[in-house]
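The values are calculated or read from the model by the stated rules, or taken from the named source; none is laboratory data. Nothing here was measured: the structure is a model prediction, and the numbers come from that model. With ideal geometry, Cβ positions are generated from the backbone for all residues, glycine too; neighbour counts draw on all protein chains shown. Surface areas here come from the heavy atoms of the whole protein model, side chains and all, with no ligands, DNA or RNA. Shrake-Rupley method; radii C 1.70, N 1.55, O 1.52, S 1.80 Å.
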Amino acid sequence: MSYDLILAGGGLANGLIAWRLQQQRPDLKVLCIEQQASLGGNHTWSFHDGDLSEAQHRWLKPLVVKRWASYQVQFPYLSRSLNSGYASITGEHFAKVLTPALGSMLRLNSSISEISPTHVQLASGERLEARAVIDGRGARQSDHLVLGQQAFVGQLLRLGAPHGLTAPIIMDARVPQGDGYRFVYVLPFSADTLLIEDTHYVDQHRATTEQLREHIAAYAQQHGWQVAECLREEQGVLPITLAGDFDAFWDEAAGQPLSGLRAGLFHCTTGYSLPHAVRLADWLVNYQLRDVATLARDLREHARGEWRNQGFYRLLNRMLFLAGRPQDRWQVMQRFYGLPAGLIERFYAASNPWYDRARILIGKPPVPVDQAMRAALRHSPRHFETRS
């Protein structure tokens, strides 16, 4: 069977692409293939109001399960509420909206055994042809990227009594630190329901899932929240990019069009991927599909633009991960959240102009200056070849 476009993987990026094409480009014959029983997986994706345009907020609205007018950050010597809108999408609701909308454009429970730019072969032996295939099956390992890790376990908890929170706590670093920057992330979805996520920015994730579960239980107990039931649990390790060779990374794909984390399309400091997925879906809606070689080239150039835009954030990552002691990284983040609210909002949107960047770097950093300078210069993977 032949298609105009096959989307390999039904995660956030490919799900949004399929949904937008179904709405805006019914002339295209599109198929989205997911190996699991539902789209989206067991995830929560969040974003700030300033991350998206008004038009993007409108078309994404049916997927949003909760919006808040503000959010909080908490550090040992700084607590602050920022009046910037914040919203979340859950994998469950993502699947609930998209599955009936896509209909025959979606195949679930279908494992891919072979993929090329113009075909996929399923584990069942069925071969599907297309003018182009986009591979969006999650992040891939590459020797051409130098990565830190954002490791987390999150639990959606129903409490025995209302928790009293009216806004998310996107960083609570008033917790014991370890071999990296640790914070707790809290989303109040209803009066008695919270997502509590224990998160670690580390060079290499070593903590066990059980340890992170214990951290969540201790945090709930510390706040006097009695847990009645754990409704679901999610976990993952997101890439935090310190340095990379963009062309070598994309050469590894050998002409295979890519999307989502597999294409490196995420905020390299925060790990947020939803704004990138929204922009890619909009880009493809307006793209005139001719042949797969042209699509692969143009997707690569789209990703190159995102890569270039994030050079400053990779520099900040190197200063965070390579300068000073891992257990002191919270000081860097505390200093950052003392900066003007507009700068912070533009940071999440990866749109800081030169004067914001100067403001972030000016002043005595909370890390050794000589180490910060050396870290800043290590912009290529070759600078890490002897790194232990």
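Only one residue of SER113, ILE33, TYR77 has its Cα farthest out toward the positive end of the dipole of the chain, where Lys and Arg carry +1 and Asp and Glu -1 on Cβ, and that residue is TYR77. The 3J(HN,Hα) values that the Karplus relation (6.51, -1.76, 1.60; θ = phi - 60°) gives for the stretch 52-69 are, in residue order, 10, 6, 4, 5, 5, 4, 5, 6, 7, 3, x, 8, 7, 9, 7, 10, 10, 7 Hz. Gly and Pro appear as x. Between the C-alpha center of the stretch 1-73 and that of the stretch 312-388 there is a gap of 31 Å. Spatially close Lys pairs in the chain, defined by Cα atoms under 30 Å apart and a spacing of eight or more places or different chains, total 4.
Accessible area of GLU129 (1.4 Å probe, protein heavy atoms only, ligands and nucleic acids ignored): about 70 Å².
The share of accessible area on the chain that comes from carbon and sulfur is 50 percent, using a 1.4 angstrom probe. At a Förster distance of 56 Å, what's the computed FRET efficiency of LEU361 paired with LYS29, Cβ-Cβ distance as r, to 0.05? That gives a FRET efficiency of 0.65. Length gained on full extension, HIS43 to ALA248, computed as 0.36 nm times the residue gap minus the Cα-Cα distance: 70.8 nm. Taking all protein chains together and a 1.4 Å probe, the residues SER351, SER84 rank SER351, SER84 from largest to smallest accessible area. With respect to the chain, whose longest principal axis is taken over its alpha-carbon atoms, helix 12-24 is tilted by about 50°. Packing-based ranking of 48-55, 356-363, 313-320, 233-240 yields 313-320, 233-240, 48-55, 356-363, ordered from highest to lowest mean Cβ neighbour count within 10 Å. Heavy-atom accessible area, probed at 1.4 angstrom with all protein chains present, ranks ARG20, ARG346 as ARG346, ARG20, highest first. Sorting GLU126, GLU210 by solvent-accessible area of protein heavy atoms yields GLU210, GLU126, largest first, with a 1.4 Å probe. Using alpha-carbon positions, what is the distance between the centroids of the stretch 118-166 and the stretch 226-256, in Å? Each part reduced to its Cα centre gives a spacing of 7 Å.
Counting only alpha carbon atoms, the long axis of helix 91-102 and the longest principal axis of the chain meet at about 20°. Counting only heavy atoms of the protein chains and using a 1.4 Å probe, TRP330 has close to 40 Å² of accessible surface. Rounded to the nearest 20 debye, the dipole magnitude of the chain is 780 debye, with +1 charges on Lys and Arg beta carbons, -1 on Asp and Glu beta carbons, and the Cα centre as origin. In order along the stretch 232-243, phi translates into HN-Hα couplings of 6, 9, 10, 8, x, 9, 8, x, 10, 7, 9, 7 Hz, rounded to whole numbers, per the Karplus curve 6.51 cos²θ - 1.76 cosθ + 1.60 with θ = phi - 60° and x for Gly and Pro. Please determine, in degrees from 0 to 90 and to the nearest 10, the orientation of helix 311-322 with respect to the longest principal axis defined by the Cα atoms of the chain, where the helix direction is its Cα long axis. Around 50 degrees separate the two axes. For the stretch 311-384, the solvent-accessible area of protein heavy atoms averages 48 Å² per residue (probe radius 1.4 Å; ligands and nucleic acids excluded). Name the residues whose placed amide hydrogens come within less than 5 Å of the amide hydrogen of LYS66, ignoring near sequence neighbours (fewer than 5 apart) on the same chain. Sorted by chain and number, the residues that satisfy this are SER88. Distant-in-sequence amide contacts of LEU195, defined by a placed amide H-H separation under 5 Å and a gap of 5 or more residues or a different chain, comprise LEU157, LEU187, PHE189.
Where both bridge residues fall in the chain, DSSP classifies roughly 80% of the beta bridges as antiparallel. Select one label from [x] 167; [y] 129; [z] 142: the one whose number is volume of the Cα convex hull per residue in Å³ as derived from the coordinates shown. Read-out from the structure maps to [z].
If N is the number of residues in the stretch 145-240, what value comes out of its Cα radius of gyration divided by 2.2 N^0.38 Å? Compactness ratio reported: 1.07.
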